[in-house]
Amino acid sequence: MSCVVITKNEEVNIQDCLKSAQWANELIVVDADSCDKTVELARACGAKVSVRPWPGFGLQKNFGMAQASSDWILILDADERVTEELCGEVKTCLAEWRSGDPVAYRIPRRNFFYGAWVRGGGVYPDYQVRLFRRGIAQYNDVAVHENLIVDGEVGTLVGHLDHYTERRIQDHFKKFGLYTTLAAQEKAKRVQSVGWTDLVFRPLVVLVKTYLLKQGYRDGVRGLIVCVFASMYTFVKYAKLWDATRQATSHTDAR
């Protein structure tokens, strides 16, 4: 099995990520011109490292998958860890795999916010299709939240990936600006205008859905913060989309 990780300034995470996958036949890291020690640390862990400009999430992962030589590929993010439970299950699954079995597997993911696993708010089990046979899947080319398109049946594993996402409040803001901009750009392909109802009700719906309906309140203060950030993400995404459409209209009128 080949394990593929894409990186950009991940010196804090990359060693623990790769160590959790040391049982793989090969470790492949595709780095987007990091300016820290990511590449050095990845190579010290035995990974084959390629450094190339950033083309987008999906395209970067597709490039990494093309470097794999094993029949099976496992995709990891740098802030994820393969648990011992998942490691054992994957080894058994691949050893016993036969023609007619699923060609890809979704894996439940535990998201850790501020040092603890958050179960509510719709962030668990957070299934991710990450294990698949080489040549039967490709990521689509969207700006953010790319999807793996699989040609065949997808099964489900029980073992977890552990995702050490935002460890401090300020970690949210490191991604917030970029991700909301990319999400607004992607939304602009389908939405031509934004009204006050989008800015008022969409964030409110997200907050009610995550905090109440999906029981984010069960995680206490952590759950509240996670749900509020989800609502803020929606508001900022639509605010940026509104601003982009306003500027586009102004340019058109100026002509």
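The values are calculated or read from the model by the stated rules, or taken from the named source; none is laboratory data. Here the structure is a predicted model, which means the values were calculated and not measured. Cβ sites come from the backbone with ideal geometry, for glycine too, and all protein chains shown count toward neighbours.
Looking across the range 25-34, the residues that are in contact with a helix residue (DSSP H, G or I) (Cβ under 9 Å, 6 or more places away or on another chain) and either farther than 21 Å from Gly56 by Cβ or part of a strand (DSSP E or B) (or both) come down to Leu27, Ile28, Val29, Val30, Asp31.
With respect to Leu148, determine if the residue is surrounded by 14 or more Cβ atoms within 10 Å (Cβ to Cβ), out of contact with any Lys or Arg (no Cβ under 7 Å at 6 or more places or on another chain) and closer than 28 Å to Cys87 by Cα. Yes.
Taken together, the criteria exclude Ala68 from residues that are assigned to a helix (DSSP H, G or I), of a type in the set (A, V, I, L, M, F, W, C) and not assigned by TED's automatic domain parsing to the domain that holds Lys209.
Within the range 78-109, restricting attention to residues that are of a type in the set (A, V, I, L, M), under 21 Å from the mean Cα position of the chain (by Cα) and part of a helix (DSSP H, G or I), the residue that is nearest to Ile136 (Cα to Cα) is Val90.
Pick from the range 9-51 the residues that are in contact (Cβ under 8 Å) with a residue 40 or more places away in the chain and aliphatic (A, V, I, L, M): which of them is nearest to Asp171 (Cα to Cα)? Taking the candidates together, the pick is Ile14.
The residues listed here are Asn13, Asn25, Asn62; of these, the one that is over 15 Å from the mean Cα position of the chain (by Cα), closer than 23 Å to Tyr139 by Cβ and polar (S, T, N, Q) is Asn25. Ile75 falls short on exactly one of the conditions (1) closer than 30 Å to Ala183 by Cα; (2) among the β-branched types (Val, Ile, Thr); (3) in a helix (DSSP H, G or I), and that condition is (3). Candidates Leu204, Leu161, Leu199: the one that is touching a helix residue (DSSP H, G or I) at 6+ places or on another chain (Cβ under 8 Å), within 16 Å of Trp117 (Cβ to Cβ) and surrounded by 13 or more Cβ atoms within 10 Å (Cβ to Cβ) is Leu161. Looking at the range 158-255, the helices (runs of 4 or more DSSP H) lying wholly inside it that each contain 1 or more residues that are touching a residue at least 60 places away in the same chain (Cβ under 8 Å), outside the structural domain of Phe57 (by TED's automatic domain parsing) and of a type in the set (Ser, Thr, Tyr) sit at 169-187.
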